[in-house]
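The values are calculated or read from the model by the stated rules, or taken from the named source; none is laboratory data. Bear in mind the structure is a predicted one, so any value in this text is a computation, not a measurement. We place every Cβ from the backbone using ideal geometry, glycine too, and count neighbours over all the protein chains shown. Ligands, DNA and RNA are stripped out before the accessible areas are found, and what is left, the full protein with its side chains, is counted by its heavy atoms. Shrake-Rupley method; radii C 1.70, N 1.55, O 1.52, S 1.80 Å.
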There are 2 protein chains.
Amino acid sequence: MDRKKSNRIVILGGGFAGIYTAMHLEKLLRRRDDFEILLVNKENYFVFQPMLAEVVSGSIGILDTVSPIRRMLRKTDLHVREIESIDTHAQTVTTTPGFSHQPNVIQYDHLVLALGNVTDFRGLRGLPEHAIPFKNLSDALYIRNHVIHALEEAAIEHRNAQLRRELLTFVVAGGGFSGVEVVAELNDFVREVIKNYPQIDPDEVRVVLLHALDRILPELDEKLAFYAQKILARRGVDVRLNTKLEAATAAEAILADGQRIPTRTLISTVPSFPNPLIDRLALSKERGRLKVASSLLVEGTNNVWALGDCALVPMKDGGLCPPTAQFAIRQAKTAAANIVASIRGGESKLFHFKELGKLGALGHRSAVAQVFGINVSGFLAWFMWRTIYLMKLPGWGRRLKVAASWTLDLVLPPELVQLQINNSQSVVHEHFEPGQEVFREGDIGDRLYIITSGKAEVTRKNGDGAIPLAQLGAGEYFGEMALLNHTTRNATVRCVESLDVLSIPKREFSALAATLPTMRENLEKVMAQRRNTVMN
Amino acid sequence: MDRKKSNRIVILGGGFAGIYTAMHLEKLLRRRDDFEILLVNKENYFVFQPMLAEVVSGSIGILDTVSPIRRMLRKTDLHVREIESIDTHAQTVTTTPGFSHQPNVIQYDHLVLALGNVTDFRGLRGLPEHAIPFKNLSDALYIRNHVIHALEEAAIEHRNAQLRRELLTFVVAGGGFSGVEVVAELNDFVREVIKNYPQIDPDEVRVVLLHALDRILPELDEKLAFYAQKILARRGVDVRLNTKLEAATAAEAILADGQRIPTRTLISTVPSFPNPLIDRLALSKERGRLKVASSLLVEGTNNVWALGDCALVPMKDGGLCPPTAQFAIRQAKTAAANIVASIRGGESKLFHFKELGKLGALGHRSAVAQVFGINVSGFLAWFMWRTIYLMKLPGWGRRLKVAASWTLDLVLPPELVQLQINNSQSVVHEHFEPGQEVFREGDIGDRLYIITSGKAEVTRKNGDGAIPLAQLGAGEYFGEMALLNHTTRNATVRCVESLDVLSIPKREFSALAATLPTMRENLEKVMAQRRNTVMN
């Protein structure tokens, strides 16, 4: 464990709430306060969320929307690690081990919980396996590269109509600010770059926005939301209201009413939950968020503070703060002042802030805004959006870079480079729905599948029909024959009951099969049994 | 299989040789030639190699050094896939399957082999597992992110002197153009950003260049090479001549003389081999490269052409072309002309080109150059380097972006963002050398290890000494106890004989263990046996 000074303030989370708390603490504390600020974040950068959607379309550079935390916080000790657990009795935070395989236990005097919320697909069939969240920089980049990959494959597979439809349909679930911004940028991007794919008819592209309620952008005035919806529709986005996403497979988005949209690109900004670390804390909560006083001290504690999206902060005039950056930034100022007061002795301040306005970008020179109660839309709102956010971006270097990117974006076509960082295939979890094929007789065999739950049936072609060969359930595996014999698939495997599998690529399977003798033996036994079944 | 026009030219490889051949073909061929050009490359972009090292230091943007192939070649059909095999009898090329799991077989009339060469670590102990190549954009990005990761970890682990030394030592093997450029940029980058890590003393940073011969840059005049070496040394690079890298582990570079350099970052630009696809072709070769006539037609064929680094192209005045971009670009022009001549009928041109000069960047406003036989070095050479390569960059959009990046780089500090694209831990191969610990008693247990070759011993602490518990060999596994019982490691495992393992992360192991009943049973048997051994 680390030796520490007498006042160590440990901040968990590097979003608006955490970063601005550290920033204010750095300003307020003096050397004689004998303090130490330590911030734990899983990345070494701060993401300026409002511009994240522009990374998808490439109208700003990949790194323009993020700032290195070390440059923003010169007096704060940064630990770039995942947080494993928080112990409010022992006053410690444990992070994941690094290269040393030793736990990293950090003792604190004051703890600031600024862990935000997470998109959590647990409990939704197939979403953890196949839906892409949109939260951080790696999500934005993943989406961008995945979309380009889909276009490249559609250009090659131009004779497979079904696959082509899946590849050229892009679905975004969730019509809040973040879903609307990402669908707008994605739509602009695809419809522009499609011109470079002569094999693809631009009319084949479908971009769909799913929203569970009867209007998008619940954060805004109804009139603005309606305007935004019209703009999206005019640009070719199929906005589907009162439509809930229920499940997903690698090739489909499945709606609550049973409808299925064939797609290989499903992005979901919902549902949003507080960070699981908050869940595990024995502190008072409501709907998963921490209950705090107006001083931002967590109820029932005297050295644990919470703010931002993981806290329920009461407003002066009743009600609760909305989970937005504006509020997080102001809460950070109050939290920092109160932590300093509790170190030095002094009165604590109560949080109070009146919202200035709301802004949402709609891509291609359009936006909606609500400022001091006035509605603005179209080009003017877009211009306001760009000006305000450029000024809010931390650091003049970053502002310069974004301004340069925006200028070049006016004259240059959008970036079309697919940035493959990791080509290696790995062990993945996959979900299938009844009727769906896992693989088909004659396919190339590149993976072994282990069923973790559900049922599958194995069939083989026979003239125009098919003979059933076997039914498989949890704990059984299939697909090993093509791998061991280096042939194509000699049967078709189809999902019978909602199927979850662990799929292992050929290379890893070979290493496992070669070195685990009992596994190998067992595999051979099963192969022999199956051969007999077929012969008889 | 694809239906095709009567003259389909299939180009394999998207480097200088392949791209420029397609470009010239697009210019030369007319509609009446009834032709089709198809290019297969594993990425959808062309990498402008000379600027790749600048991605490491971030003095140009991540995508500035690559160009989307679709924008460069408007009349060429691009297949973004890996090539699986080439059949010169059937005149087909097979690529990896895409989403459809169906083989993609492309028939050709003319085949252009422009597959370049690859950095191939096979046969070198531990290099395939632990050395980082420097060939393409993902390598450059990986190096950049890995270096930042090492700095972040060194800042946290400031009490573990041994680990700190490993994390702060950066080793590059190979003193040719590419090795020198990458070591220069890496050194500039680390020494600049280290200022943002107050926990790290800048003097702890070590950057080492290993070169097997007695002078670096064999491509250049001895005087220039010596100048480059002096510049590197002055900037703090430890240049080690007559030093060969022999093996590697995750924590060490092992030299031919047995010396070991503790390091967590080992980049190697050597050894270089022709693409393995060329290996498998039954065409005439010498030292792995294809023998071609001056027309660039491969010996013994009438429709297979080869150029660039995978071909041995004779020069008019005797000797062979060096494997450089300059030659590849000129060869492409000859190849395209001769393919057109063979389609239309006509005489074939013979390749002839006299080299203009050579340029090598040394980072921070310094370079070495040899132009029309004259040696230039220092700032002037650097200025020439930037001007010439900026002009050679394909497309004015790209030039504009690079010029903007270079301008901003003069006033802004280097980018410090660590771009983690893929956080998921996966099944990996690891190599250990005798004496090295795989893990230590008390460590956190996060992986299971399966021995593919070599020997390991298991020991447990007993007072000041250690009791040996077991010796393990190929096919055996260890590390399962901490995973199954959720405890820390209860023994130390050390390599006895050069050890190769497959290591499986906790999450994948749990899924495997839970679903493969025999594996589970077997695991439990082994656990019981081991417990008995310990008890007795």
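Numbers below:
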{"quantity": "In segment B:316-368, the residues that are among the small types (G, A, S) and under 21 Å from B:A53 (Cα atoms)", "calculated": "B:A325, B:A328, B:G357, B:G360, B:A361, B:G363, B:S366, B:A367"}
{"quantity": "Residue match in segment A:398-406 (condition: free of Cβ contacts under 8 Å to residues at least 24 places away in the same chain, buried (at least 16 other Cβ atoms within 10 Å of the Cβ) and more than 14 Å from chain B (Cβ to nearest Cβ))", "calculated": "no"}
{"quantity": "Residue identified as in contact with a Phe, Trp or Tyr (Cβ under 9 Å, 6 or more places away or on another chain) and either away from chain A (no Cβ under 14 Å) or open to solvent by 50 Å² or more (accessible area, probe 1.4 Å) (or both) among B:L393, B:L359", "calculated": "B:L359"}
{"quantity": "Long-range neighbours under 6 Å by Cβ, at least six apart or interchain, first residue without any contact (Cβ under 8 Å) to a residue 24 or more places away in the chain within segment A:306-318, second surrounded by fewer than 24 Cβ atoms within 10 Å (Cβ to Cβ) and not in a loop (DSSP other than H, G, I, E, B)", "calculated": "none"}
{"quantity": "Number of positions in segment A:91-128 that are touching a residue at least 12 places away in the same chain (Cβ under 8 Å) and either of a type in the set (A, V, I, L, M, F, W, C) or assigned to a loop (DSSP other than H, G, I, E, B) (or both)", "calculated": "22"}
{"quantity": "Qualifying residues in segment B:73-117 (those that are within 23 Å of the chain's Cα centre (by Cα) and surrounded by fewer than 17 Cβ atoms within 10 Å (Cβ to Cβ)) - the one farthest from the other protein chains (Cβ to nearest Cβ)", "calculated": "B:S85"}
{"quantity": "Contacts under 8 angstrom Cβ, first residue in segment B:259-276 being within 14 Å of another protein chain (Cβ to nearest Cβ), partner in a helix (DSSP H, G or I) and acidic (D, E), 6 or more apart", "calculated": "B:P262/B:E166; B:T263/B:E166; B:R264/B:E166"}
{"quantity": "Single condition B:A335 does not satisfy, out of (1) in a helix (DSSP H, G or I); (2) of a type in the set (A, V, I, L, M); (3) out of contact with any strand residue (DSSP E or B) (no Cβ under 7 Å at 6 or more places or on another chain)", "calculated": "(3)"}
{"quantity": "Test set (1) under 29 Å from the mean Cα position of the chain (by Cα); (2) of a type in the set (V, I, T); (3) open to solvent by 10 Å² or more (accessible area, probe 1.4 Å) - A:I444 fails condition number", "calculated": "(1)"}
{"quantity": "Check on A:I467, out of contact with any Cys (no Cβ under 9 Å at 6 or more places or on another chain), open to solvent by 10 Å² or more (accessible area, probe 1.4 Å) and in a strand (DSSP E or B)", "calculated": "yes"}
{"quantity": "Scan of segment A:315-329 for residues that are open to solvent by less than 40 Å² (accessible area, probe 1.4 Å) and not in a loop (DSSP other than H, G, I, E, B), ordered by number", "calculated": "A:A325, A:Q326, A:F327, A:A328, A:I329"}
{"quantity": "Residue list for segment B:240-258, filter: free of Cβ contacts under 8 Å to residues at least 40 places away in the same chain and either touching a strand residue (DSSP E or B) at 6+ places or on another chain (Cβ under 6 Å) or in a strand (DSSP E or B) (or both)", "calculated": "B:R240, B:T243, B:A256"}
{"quantity": "Count of segment B:4-44 residues which are in a strand (DSSP E or B) and aliphatic (A, V, I, L, M)", "calculated": "8"}
{"quantity": "Residue in segment A:294-306 that is part of a strand (DSSP E or B) and farther than 22 Å from A:R8 by Cβ present", "calculated": "no"}
{"quantity": "So A:Q420, is it modelled with pLDDT under 80, under 12 Å from A:S503 (Cα atoms) and facing another protein chain (nearest Cβ under 10 Å)", "calculated": "no"}
{"quantity": "Criterion: modelled with pLDDT under 85, surrounded by fewer than 21 Cβ atoms within 10 Å (Cβ to Cβ) and touching a Ser or Thr at 6+ places or on another chain (Cβ under 8 Å) - qualifying residue of A:S426, A:S348, A:S342", "calculated": "A:S426"}
{"quantity": "Residues of segment B:27-44 satisfying the condition of being open to solvent by less than 20 Å² (accessible area, probe 1.4 Å) and under 20 Å from B:A306 (Cα atoms)", "calculated": "B:L29, B:I37, B:L38, B:L39, B:V40"}
{"quantity": "Failed criterion for B:A306 (all others in (1) over 19 Å from B:D221 (Cβ atoms); (2) touching a Phe, Trp or Tyr at 6+ places or on another chain (Cβ under 6 Å) hold)", "calculated": "(2)"}
{"quantity": "Close pairs from segment A:282-302: first under 22 Å from A:D317 (Cβ atoms) and touching a residue at least 24 places away in the same chain (Cβ under 8 Å), partner hydroxyl-bearing (S, T, Y) and buried (at least 16 other Cβ atoms within 10 Å of the Cβ), Cβ under 6 Å, at least 6 apart", "calculated": "A:S295/A:S348; A:L296/A:T334"}
{"quantity": "Residue satisfying all of: in segment A:45-68; assigned to a loop (DSSP other than H, G, I, E, B), in contact with a strand residue (DSSP E or B) (Cβ under 9 Å, 6 or more places away or on another chain) and surrounded by fewer than 24 Cβ atoms within 10 Å (Cβ to Cβ); farthest from the other protein chains (Cβ to nearest Cβ) among these", "calculated": "A:F48"}
{"quantity": "Residue that is farthest from the other protein chains (Cβ to nearest Cβ) [pool: residues in segment B:277-290 that are in a strand (DSSP E or B) and open to solvent by 20 Å² or more (accessible area, probe 1.4 Å)]", "calculated": "B:E286"}
